[in-house]
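What follows is one structure encoded as structure tokens, with my remarks underneath.
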Amino acid sequence: MTGDGTRCVHGGHSDGPLGAPVHPGPVLSSTFHLGLPADPPPADFYGRADNPTWRALESAIGALDGGECVVFGSGMAAIAAVLRLTGRAGALVLPSDGYYLARSLAHGELAPLGVEVRKVPTAGPWPDGVLDGAALVLLETPSNPGLEVADIAAVAEAAHAAGALLAVDNTTATPLGQRPLELGADLAVASDTKALAGHGDVVLGHVSARDPELVARLREARSRGGAIPGPMEAWLAHRGLATLDLRLARQAANAEALAQAVQGHPAVADVRWPGLADDPAHTIAAKQMRRWNGVLRFTLPSEAAVGQFLATSRLVGSATSFGGLRSTADRRERWGDDVAPGMLRFSAGCEDPADLVADVLAALDAVT
């Protein structure tokens with residue numbers, strides 16, 4: 001198998017005929033020539049069903065995930081398709097500390113239909129019987145925003161023994177950092193708005209699976225529900241994917257440098273990043289993650305302290321996404337996460353490590 005960088009650069013691309021563009025643009029048409037009634041149906045016939053630009057991106061992501069990829073119009077569209085996949089076949093088990101909108105969708109849409117929603121912390125403990133009668137288990141590891149870690153292989157074994165599917169939200173790790181399908185998961189889902197596209201100009205998501213039946217059901221759900229990506233967004237994500245290997249290396253290096261630098265600062269508490277040797281999640285993370293992620297978290301004394309930090313920093317922007325080129329921080333309690341008022345999810349960007357560390361430490365010194 002070729003290396004991460006080679007697969008990111010070349011995935012989904014092929015040599016065209018003489019004179020063809022090396023970097024073809026997106027296919028923007030919503031309609032395609034059908035020919036005469038006697039002609040065989042073409043691969044593309046209507047823009048909601050499929051698109052060559054989607055397929056190129058799906059080929060690239062699928063090769064990284066180790067399965068077949070289906071792209072969606074957003075990360076939440078991808079999660080929604082996964083959560084709806086089993087219908088009312090059994091209970092749904094979700095992380096109690098994962099992305100809040102996944103829980104909101106489950107309680108607001110699925111529970112009223114009779115689906116039992118159970119919640120378990122990412123790091124456990126998993127109560128006896130919590131998987132009994134379950135149809136789907138969703139993990140988010142490392143979790144968002146807490147960066148807790150679950151043992152994917154162990155949960156996959158337990159879920160399958162109970163007759164349930166396992167889906168893993170792999171947004172924080174990225175397909176380079178972790179391959180849930182190789183660890184036993186049935187589905188790998190991610191918001192490609194984040195590190196995969198990486199430039200803060202795309203809203204996109206995907207689900208990958210190895211079971212052709214699951215893939216077919218996901219494609220049908222996408223077309224039937226209309227949760228499709230725009231061709232331009234798919235094209236931009238494919239372009240951004242080419243540098244994921246390089247960006248992730250710098251982001252992870254910056255996250256490590258920041259996590260080590262802020263640990264001893266008097267304004268900072270509860271620093272978490274799974275790459276730290278003394279992080280509670282490190283042992284399990286090191287067993288299943290191929291590379292470290294670029295997101296860390298730490299807690300400041302108050303909401304006001306967060307404001308002081310962000311107002312003083314020259315390099316850290318206030319934004320609610322992560323995985324981009326520029327470093328950003330997000331106070332998660334404002335969105336309803338059950339965390340301390342001063343807890344920050346910090347997305348390390350691609351700045352020079354020394355510049356970023358110096359800027360963050362100076363901003364922390366301004367916190368009173």
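The values are calculated or read from the model by the stated rules, or taken from the named source; none is laboratory data. Fair warning: this is a prediction, and the values are worked out from it, not measured in the lab. Methodologically, a virtual Cβ is constructed for each residue, glycine included, from the backbone with ideal geometry; neighbour enumeration extends over all protein chains shown.
Kindly indicate whether L296 is modelled with pLDDT of 95 or more, crowded, with 24+ Cβ neighbours inside 10 Å and out of contact with any His (no Cβ under 7 Å at 6 or more places or on another chain). Yes. Of all residues assigned to segment 153-162, none qualifies as being crowded, with 22+ Cβ neighbours inside 10 Å, assigned by TED's automatic domain parsing to the domain that holds M76, of a type outside the set (A, V, I, L, M, F, W, C) and not in a loop (DSSP other than H, G, I, E, B). Restricting attention to segment 313-334, does a residue exist that is on the phi > 0 side of the Ramachandran plot, surrounded by 23 or more Cβ atoms within 10 Å (Cβ to Cβ) and not aromatic (F, W, Y)? Checked segment 313-334: at least one residue is on the phi > 0 side of the Ramachandran plot, surrounded by 23 or more Cβ atoms within 10 Å (Cβ to Cβ) and not aromatic (F, W, Y). Between V82, V115, V70, the distinction of being over 30 Å from G3 (Cβ atoms) and β-branched (V, I, T) belongs to V115 only. Here is the figure for segment 186-238: residues that are among the charged types (D, E, K, R) and either in contact with a helix residue (DSSP H, G or I) (Cβ under 8 Å, 6 or more places away or on another chain) or not assigned by TED's automatic domain parsing to the domain that holds L138 (or both) total 6. The strands (runs of 3 or more DSSP E) found wholly in segment 203-305 and carrying at least 2 residues that are touching a Gly at 6+ places or on another chain (Cβ under 8 Å), closer than 23 Å to A329 by Cβ and not aromatic (F, W, Y) occupy 295-299.
In segment 80-136, the qualifying residues are those that are surrounded by 14 or more Cβ atoms within 10 Å (Cβ to Cβ) and of a type in the set (D, E, K, R), and the one that is farthest from the chain's Cα centre (by Cα) is E116.
Of A190, A167, A185, which residue is part of a loop (DSSP other than H, G, I, E, B) and crowded, with 19+ Cβ neighbours inside 10 Å? Testing whether each residue is part of a loop (DSSP other than H, G, I, E, B) and crowded, with 19+ Cβ neighbours inside 10 Å leaves just A185. Show the residue pairs meeting these rules: Cβ distance below 9 Å; 6+ apart or different chains; first residue within segment 85-102 and closer than 20 Å to A150 by Cα and in a strand (DSSP E or B); second residue at pLDDT 95 or above and hydroxyl-bearing (S, T, Y). Pairs that qualify, where the first residue is closer than 20 Å to A150 by Cα and in a strand (DSSP E or B) and the partner is at pLDDT 95 or above and hydroxyl-bearing (S, T, Y), are P95/T122; P95/T141; P95/S143. A residue that is touching a Ser or Thr at 6+ places or on another chain (Cβ under 9 Å), closer than 16 Å to A234 by Cβ and either of a type in the set (D, E, K, R) or not assigned by TED's automatic domain parsing to the domain that holds D211 (or both) occurs nowhere in segment 16-38. Considering only residues in segment 27-55 that are surrounded by 20 or more Cβ atoms within 10 Å (Cβ to Cβ) and not hydroxyl-bearing (S, T, Y), the one that is farthest from the chain's Cα centre (by Cα) turns out to be N51.
When A277, A285, A304, A267 are checked against the criterion of being modelled with pLDDT of 95 or more and surrounded by 21 or more Cβ atoms within 10 Å (Cβ to Cβ), A285 stands alone in meeting it.
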